[in-house]
Amino acid sequence: MTRIAIIGGGPGGYEAALVAAQLGADVTLVERTGVGGACVITDCVPSKTLIATSEAMTSLALSPRLGVRFGGGSRGGSGGGSGGGSDDDTGSVAVDLAQVNARVRALAKAQSDDIAGRLAAEGVTLINGSATLKARTGSAHRVEVTTADGSSDGIEADVVLLATGAQPRILPTAVPDGERILTWHQVYDLEVLPERLIVVGSGVTGAEFAGAYQALGSQVTLVSSRDRVLPGEDADAAAVVEAVFTRRGMAVVNRSRAAAVERTSDGVVVKLDDGRSYEGSHCLMAVGSLPNTGDLGLPEAGVRLSSSGFIEVDRVSRSSAPGVYAAGDCTGVLMLASVAAMQGRIAMWHALGEAVHPLRLSTVAANVFTDPEIATVGVSQKAVDEGRVEARAVKLPLGRNPRAKMAGITDGFVKLFARPGTGLVLGGVVVAPRASELILPLSMGVQLGLTVDQVAQTFSVYPSLSGSITEAGRQLMETHLD
Ligand SMILES: Cc1cc2nc3c(=O)[nH]c(=O)nc-3n(C[C@H](O)[C@H](O)[C@H](O)COP(=O)(O)OP(=O)(O)OC[C@H]3O[C@@H](n4cnc5c(N)ncnc54)[C@H](O)[C@@H]3O)c2cc1C
């Protein structure tokens, strides 16, 4: 029986544990905070739960356009949060942040308990403690575990999987205090909605929180060091989201680097490196993540790290040390829960001698949970523009889609990329409410090697937002070139 030790119980670790246990291995998983990892306890699950409430607020805010009136009166009114800023006004609708956050924390705990229960049912041994990897002496690896009560023990393993995740990057001049200057781990302890929230960082995390709090009723300022919000995303998509943000009253401060964040008597001041400053009631720092690889004993155990501290792995999750695999955010390959889970599963299939397909990043679907959402798969517009990929593209604004018109959706589009000649679907971008649900047909197109003709001939429901996907396929059909 192969003995497997897994360090870290996030999606990289727990999905691997399930696969290994199902394949008959003897699996021990060591987790120091909570099963489910940062994904379930502090990052993905809590943020998307908070966003579920912000989405409800946005639908309320936009519903007067569809003829809904609040309080039986006329549109507008005074007091309370506006749930989405100035797009429309819902009068007295407001969120109870203490209740929202209690729900977020309870849901995260329940999800963590569910995963722990499933692991136990599959026969995985769970240890609550902090682990380090020791240099291999004989045929087995040794993992040293220190439990919460301070006692230590060792685990012998044939295979080790490192899945230790990442944590928020802290700037020395903007150290979070958990009250006014916050990381995304700390926002769920807030009892009252920040009145004037400054979000520093306009990557995916910063943009998602900025949009969510704006919808919940905060006045939000988003400070971005780059030319636009979401600099890593499709530029057309990011422009739509930035336009919606500003239309709803958010102050987006681009090309501005935060130098320091300090407490004032009743709030915070964010100082930019060009001398300007912004005052708010709270500041959320979203300036990236650092891998949890510093205190694991990795170099001594022969595990090579990149200059930024990520564990170097190949496409079947092997590190530079024989028998030591790594998965998830600690590898920096693509910081997504779905990628972490796949890397973990691939590691176990490989270690246990199963047939395995190396990780293919070109097939990964990703989503930014702003309103509207941005979902992407496959090649990017940037790669096409830079001549790295040859592709034909079409972009259909959602404003022309009949279902979108009925629902009052004006922002967003469907973009499709296809290979010239063969018409193979190479990728796509969907900017829409629930784009995360709409991207699947394009993901399947990329994964299964479908052509735009096949997409075009597929029935979509009339009327539906997905009708824009089949229409994009029709517009790219090779027969149209004749
Ligand atoms: C705000 C936010 C929102 C996000 N939303 C999404 C989303 O919607 N969709 C998506 O796909 N991704 C999302 N992500 C990314 C996603 O959360 C990560 O990619 C995912 O958590 C990575 O999983 P992991 O298993 O590598 O690490 P983690 O989930 O971070 O788990 C690692 C675990 O290892 C434990 N650990 C570390 N060191 C040790 C040690 N020495 N001993 C024992 N245990 C240890 C930690 O306690 C932690 O629990 C989001 C990220 C952030 C920051």
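Quick note: the coordinates plus some simple rules give every number you see, no bench work behind them. Computed from a predicted structure; not experimentally measured. Glycine also receives a Cβ, built like all others from the backbone with ideal geometry; neighbour counts cover every protein chain displayed.
Using only alpha-carbon positions in the stretch 200-302, the gyration tensor eigenvalues give semi-axes of 27, 20, 13 Å once each is multiplied by 5 and square-rooted (largest first). For q = 0.14, 0.15 Å⁻¹, what log10 I(q)/I(0) does the stretch 345-482 give under the Debye formula with an equal point scatterer on each alpha carbon and no solvent? Each listed q corresponds, in turn, to -0.65, -0.73. For the stretch 110-177, the set of trypsin sites (Lys or Arg not before Pro) satisfying both a DSSP loop assignment and a count of at most 13 other C-beta atoms within 10 Å is given as Arg169.
Rounded to the nearest Hz, the phi-derived 3J(HN,Hα) couplings of the stretch 453-468 under the Karplus curve 6.51 cos²θ - 1.76 cosθ + 1.60 (θ = phi - 60°) are 4, 5, 4, 5, 7, 7, 6, 10, 5, 9, x, 7, 5, 5, x, 5, where x marks glycine and proline.
At q = 0.11 Å⁻¹ the log10 of I(q)/I(0) for the chain amounts to -1.01, computed by Debye summation with a single uniform scatterer per C-alpha, solvent ignored. For Gln167, nonlocal amide neighbours, meaning residues 5 or more places apart or on other chains whose placed amide H falls under 5 Å from its own, are Leu290, Asn292. When the GluC sites (Glu not before Pro) in the stretch 374-482 are filtered for DSSP coil states and for at most 13 other beta-carbon atoms within 10 Å of their beta-carbon, the remaining sites are Glu386, Glu390.
Here the Karplus relation 6.51 cos²θ - 1.76 cosθ + 1.60, evaluated at θ = phi - 60°, turns the backbone of the stretch 47-56 into coupling constants of 5, 6, 6, 4, 5, 4, 5, 5, 5, 4 Hz, with x for every Gly and Pro.
Once the convex hull of all Cα atoms in the stretch 245-343 is built, its volume per residue stands at 173 Å³.
Any idea what log10 I(q)/I(0) is at q = 0.27 Å⁻¹ for the stretch 288-339, Debye with uniform C-alpha scatterers and no solvent? Per q value, in the given order, log10 I(q)/I(0) is -1.12. 3J(HN,Hα) along the stretch 178-183, derived from phi through the Karplus expression 6.51 cos²θ - 1.76 cosθ + 1.60 where θ = phi - 60°, amounts to x, 10, 10, 9, 10, 8 Hz, with x in place of Gly and Pro.
For the pair Gln457 and Ser277, a Förster radius of 56 Å applied to the C-beta separation gives a FRET efficiency near 0.45, rounded to the nearest 0.05.
Within the shell of other residues whose beta carbon sits under 11 angstrom from the beta carbon of Lys271, the net charge comes to -2, with Lys and Arg scored +1 and Asp and Glu -1.
Rounded to the nearest 20 debye, the dipole size of the stretch 206-337 about its Cα centre is 180 debye, using +1 on the Cβ of Lys and Arg and -1 on the Cβ of Asp and Glu. Proximity of backbone amide H atoms, modeled 1.01 Å from N, is registered between Ile439 and no other residue at under 5 Å, excluding neighbours fewer than 5 places apart on the same chain. Using only side-chain charges placed at the Cβ, +1 for Lys and Arg and -1 for Asp and Glu, the dipole size of the chain relative to its Cα centre rounds to 840 debye. Highest average first, the peptides 147-159, 58-70 ordered by how many other beta carbon atoms sit within 10 Å of their residues are 58-70, 147-159. For the chain, the number of Lys pairs with C-alpha atoms closer than 27 Å, counting only pairs eight or more positions apart or on separate chains, is 8.
The H on the amide N of Val364, modeled in the peptide plane, is under 5 Å from the matching H of Gly378, each at least 5 residues off or on a different chain. Subtracting the Cα-Cα distance of Lys395 and Asp295 from their residue separation scaled by 0.36 nm leaves 31.3 nm.
Taking the Cβ of Tyr14 as the center, what net charge do the other residues with Cβ under 9 Å away carry, scoring Lys and Arg +1 and Asp and Glu -1? After counting each charged neighbour, the total is -1. What the Cβ-Cβ distance of Leu171 and Ala148 gives, at R0 = 25 Å and to the nearest 0.05, is a FRET efficiency of 0.25.
Assign one of three labels to the stretch 97-169, namely rounded, prolate or oblate, based on the Cα gyration tensor with a ≥ b ≥ c the square roots of its eigenvalues; rounded applies when a/c is under 1.5, prolate when it is not and a/b is larger than b/c, and oblate otherwise. Verdict is prolate for the stretch 97-169. Multiplying the residue separation of Ala94 and Ser338 by 0.36 nm and removing their Cα-Cα distance gives an extension gain of 84.5 nm. Return the Rg/Rh ratio of the stretch 122-234 with Cα-based radii and a Kirkwood Rh. My calculation of the ratio gives 1.15.
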